[in-house]
Amino acid sequence: MPCTHTTQPARHYSLLCSSAWHKYQLDLEQKKKDAMKDSVTRKRKAVDDEIQSLKRRKLEMSTNIDSLTASADQLAEKAENSRDSVQGKDC
C-alpha cells in the first residue's frame with residue numbers, strides 16, 4: 001500500500017499558498033485603486049478650491065471696478081461744477 005500522507009500535505013500547503021497569494025494580489029490591487037481614487041479626489045478638490053478662489057477674486061475686482069467708476073464719476077462731476085463756477089465768476 002503506497003504512503004499518501006506525505007503528498008497530501010504538500011498539495012494542501014500549495015493550495016493554501018496559492019490562495020494566500022491570490023488574496024494578497026487582490027489586496028494590493030484594491031489599495032492601488034483606493035490610492036488612485038484618493039489622488040483624483042484631491043486633484044478635484046484642488047481644482048474646485050482654485051475655482052472658488054477665482055470667483056471670489058472676480059467678485060472683489062468687480063466691486064473695486066464699480067467703486068472706482070463711481071469715484072471717477074463723482075470727481076468728473078466735481079471738476080465740471082468747479083469749472084462752471086470758475087467760468088461763471090470770470091463773466
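The values are calculated or read from the model by the stated rules, or taken from the named source; none is laboratory data. Since we're looking at a predicted model, the values are computed, not measured. Because the Cβ atoms are built from the backbone with ideal geometry, glycine has one as well, and the counts that use them run over all protein chains shown.
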| request: Please determine, by comparing only the residues of region 32-91 that are over 34 Å from the mean Cα position of the chain (by Cα) and among the small types (G, A, S), which one is surrounded by the fewest Cβ atoms within 10 Å (Cβ to Cβ). | output: G88
| query | How many of the residues in region 1-51 are part of a loop (DSSP other than H, G, I, E, B) and either of a type in the set (A, V, I, L, M, F, W, C) or at pLDDT 95 or above (or both)? | reply | 2
